[in-house]
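Report on the structure given below.
The values are calculated or read from the model by the stated rules, or taken from the named source; none is laboratory data. These figures come from a predicted structure and were not determined experimentally. Note that we place each Cβ from the backbone using ideal geometry, even for glycine, and neighbour counts take in every protein chain shown.
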Amino acid sequence: MKKALTVMVLTGSQLVTAALPPRYQNERDLDAMVSWIKSNERVLTTLNGIDFRGWTVRYADDCRAVFHRRQVVHPAGWVGPADPLEFSYSTCGGKRTRGE
């Protein structure tokens, strides 16, 4: 009985520790946004701010770049980091475009 309980506790704790803590997930998300900013000279030179909660980058006078989390199908019970952030679209002067 003690062996079975020990195995259950150890197995359960391994599953829980597989999840990425929020600090590291936030770092990955921020890195994705900053990498996109650095790859776009216009955005880099006219950057106004990063809205981390809304996954939005503001640049130029009225431009926004919006990011989304890529949806990846995982098997049932899968534990791990959230899917990566990706550039979705930008808007400038009311005009919406994909890519920049």
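Here are the numbers for this structure:
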item: Top-ranked residue in the stretch 45-99 [being more than 20 Å from ASN26 (Cβ to Cβ) and among the aliphatic types (A, V, I, L, M); ranked as surrounded by the fewest Cβ atoms within 10 Å (Cβ to Cβ)]; result: ALA76
item: Count of residues meeting criterion [part of a strand (DSSP E or B), of a type in the set (Val, Ile, Thr) and out of contact with any Lys or Arg (no Cβ under 9 Å at 6 or more places or on another chain)] in the stretch 53-100; result: 2
item: Any hit, the stretch 21-43, residues being under 28 Å from LYS95 (Cα atoms), modelled with pLDDT of 75 or more, in contact with a Leu (Cβ under 6 Å, 6 or more places away or on another chain) and part of a strand (DSSP E or B); result: no
item: Selection count where residues are under 18 Å from MET33 (Cα atoms) and under 18 Å from the mean Cα position of the chain (by Cα), scope the stretch 47-97; result: 28
